[in-house]
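Student: Okay, handing you the structure first.
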Amino acid sequence: MNGESRLVPFGFGVSPAARDVAELHERLLPRSPVVRLGRHFAEEFYYGILTRRGYIFGAVSYRAATAVGFIACTLDARGFMPAAARRYPLQLARVLSKSLLFAPGRLGVVREVWRIMTERRRVAAVERCGEVLSYGVSAEHRRAASGHSIAEELTRYAFSVFEAHGVREVHAIVDTDNAASRRFLERLGWRLTRTQVPGWATPSIEYVWRPGEQLSDGHDFQQPTG
């Protein structure tokens with residue numbers, strides 16, 4: 001596919017087009033807890049409140065008017081969601097109530113998210129520890145007209161933000177069976193640190209990258225858990 005891609009950052013007071021990124025997230029990451037909690041949660045809370053208030057940042061890549069890729073990150077791997085839940089309990093309760101009303105079975109996903117949050121507080125012990133929460137690029141749009149991959153553009157933007165905020169360590173949790181994402185991270189210089197990550201319904205592994213380590217060029221790109 002030809003055509004210039006356009007990167008639109010979000011976070012720190014700026015929200016993305018929530019419907020665009022939620023739809024892309026849902027299509028590329030159907031097993032993600034964010035998706036399984038329902039569209040109300042994704043659009044109103046995750047890509048709404050959390051981005052406006054700086055708990056989540058990232059970027060969406062557009063080709064013409066179509067969202068074709070995204071990355072979502074946090075500067076606080078240990079506690080961004082618990083902190084948001086404490087600050088906005090009524091808003092979170094409202095969107096979760098909507099989600100559970102439409103699909104009561106999502107209560108199991110709420111329990112899974114609680115387990116994940118508990119696990120992150122234990123593991124991400126380094127101060128200024130960030131995380132790549134979710135990312136993906138539509139298969140038919142992975143190569144930009146410039147010859148660089150859209151994935152590379154998204155990743156480099158995210159890491160410029162991490163470095164600007166003094167983040168000392170960045171984590172990424174990937175579905176164990178997502179071979180393409182594993183190759184992508186390893187090609188960029190990420191280190192595999194855990195082959196089992198408790199709390200996730202889908203078997204997952206964890207990678208870590210530290211600012212100052214060489215971020216190599218990568219070309220293949222699919223989606224991890226998130």
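The values are calculated or read from the model by the stated rules, or taken from the named source; none is laboratory data. Keep in mind the model is a prediction, meaning the values are calculated, not measured. Quick reminder, even Gly has a Cβ in these numbers, built from the backbone with ideal geometry, and neighbours come from all protein chains shown.
Student: Can you give me the number of residues within the stretch 16-29 that are within 20 Å of L96 (Cβ to Cβ) and either surrounded by fewer than 16 Cβ atoms within 10 Å (Cβ to Cβ) or out of contact with any helix residue (DSSP H, G or I) (no Cβ under 8 Å at 6 or more places or on another chain) (or both)?
Tutor: 1
Student: Now a separate question. Kindly provide the set of residues from the stretch 162-177 that are under 14 Å from the mean Cα position of the chain (by Cα) and β-branched (V, I, T), ordered by number.
Tutor: Scanning the stretch 162-177 gives V170, I173, V174.
Student: Turning to a different aspect of this structure: Please indicate, with yes or no, whether at least one residue in the stretch 39-57 is in contact with a Cys (Cβ under 9 Å, 6 or more places away or on another chain) and surrounded by 17 or more Cβ atoms within 10 Å (Cβ to Cβ).
Tutor: yes
Student: Could you please give the count of residues in the stretch 71-102 that are loosely packed, with under 13 Cβ neighbours inside 10 Å and more than 26 Å from E206 (Cβ to Cβ)?
Tutor: Residues flagged as loosely packed, with under 13 Cβ neighbours inside 10 Å and more than 26 Å from E206 (Cβ to Cβ) within the stretch 71-102 amount to 7.
Student: If you check every pair at least six apart or on different chains, which have Cβ atoms under 7 Å apart with a residue in the stretch 92-120 that is of a type in the set (G, A, S) first and a residue that is not in a helix (DSSP H, G or I) second?
Tutor: Close Cβ pairs satisfying both conditions: S99/L37; S99/G38; A103/G38.
Student: Could I ask something else about it? Could you check the stretch 203-212 and list, in sequence order, the residues that are at pLDDT 90 or above and outside any strand (DSSP E or B)?
Tutor: Hit for the stretch 203-212 is P203, nothing else.
Student: Continuing with the same structure: Would a scan of the stretch 213-225 turn up a residue that is within 26 Å of R27 (Cα to Cα), outside any strand (DSSP E or B), modelled with pLDDT under 75 and hydroxyl-bearing (S, T, Y)?
Tutor: Yes.
Student: Restricting to the stretch 58-93, name every residue that is of a type in the set (D, E, K, R) and in contact with a helix residue (DSSP H, G or I) (Cβ under 8 Å, 6 or more places away or on another chain).
Tutor: R63, D76, R78
Student: Give G58, G54 a once-over and let me know the one that is outside any strand (DSSP E or B) and farther than 20 Å from G105 by Cβ. Before you say what the answer is, go through the steps one by one.
Tutor: Values: G58 fails: outside any strand (DSSP E or B).
Of G58, G54, the one residue that is outside any strand (DSSP E or B) and farther than 20 Å from G105 by Cβ is G54.
Student: Tell me, which residue of the stretch 61-87 that is touching a residue at least 60 places away in the same chain (Cβ under 8 Å) and assigned to a loop (DSSP other than H, G, I, E, B) is nearest to R111 (Cα to Cα)?
Tutor: Result: A77.
Student: Next question. Which members of the stretch 89-107 meet the condition of being out of contact with any Leu (no Cβ under 7 Å at 6 or more places or on another chain) and over 17 Å from G48 (Cα atoms)?
Tutor: Result: L101, F102, A103, P104, G105.
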